[in-house]
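Here's the structure, in structure tokens; my notes come after.
Where a number appears in this text, it was derived from the coordinates with a stated rule and is not lab data. Model, not experiment: these values are computed from the prediction. Cβ placement follows ideal geometry from the backbone for every residue including glycine, while neighbour counts extend to all protein chains displayed.
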Amino acid sequence: MISNGPMTSTGFRLDDGQIEVVDPFVAECLRKKTFAERMEMVFEANRTMRLLIAGRLKTEHPDWSDEQIQAEVARRMLHGAT
């Protein structure tokens with residue numbers, strides 16, 4: 001349920017139960033996308049996250065094999081750790 005509660009100075013609705021507030025323009029752009037386009041965005045975001053985690057792990061653990069890196073990426077994604 002959308003409330004007409006307090007707003008920020010930039011016009012975003014404040015909601016204690018909401019972590020981020022989507023800009024109205026962004027929301028409209030997302031509404032215009034097809035389901036397939038939105039799913040492609042999700043998969044690309046997932047891929048980007050995997051690459052970022054793997055890159056950090058390779059920097060922190062240069063001695064780890066690719067298999068160890070991929071196992072740790074999977075573990076972190078499954079358990080919500082970054």
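Structural remarks
- Around L78: net Lys/Arg minus Asp/Glu count, Cβ-Cβ under 13 Å: +2
- Near M39: Cβ cut-off under 13 Å, other residues only, Lys/Arg at +1 and Asp/Glu at -1. The net charge is 0.
- Placing dummy labels 7 Å off each Cα toward the beta-carbon, the span from Q68 to E40 is 3.8 nm.
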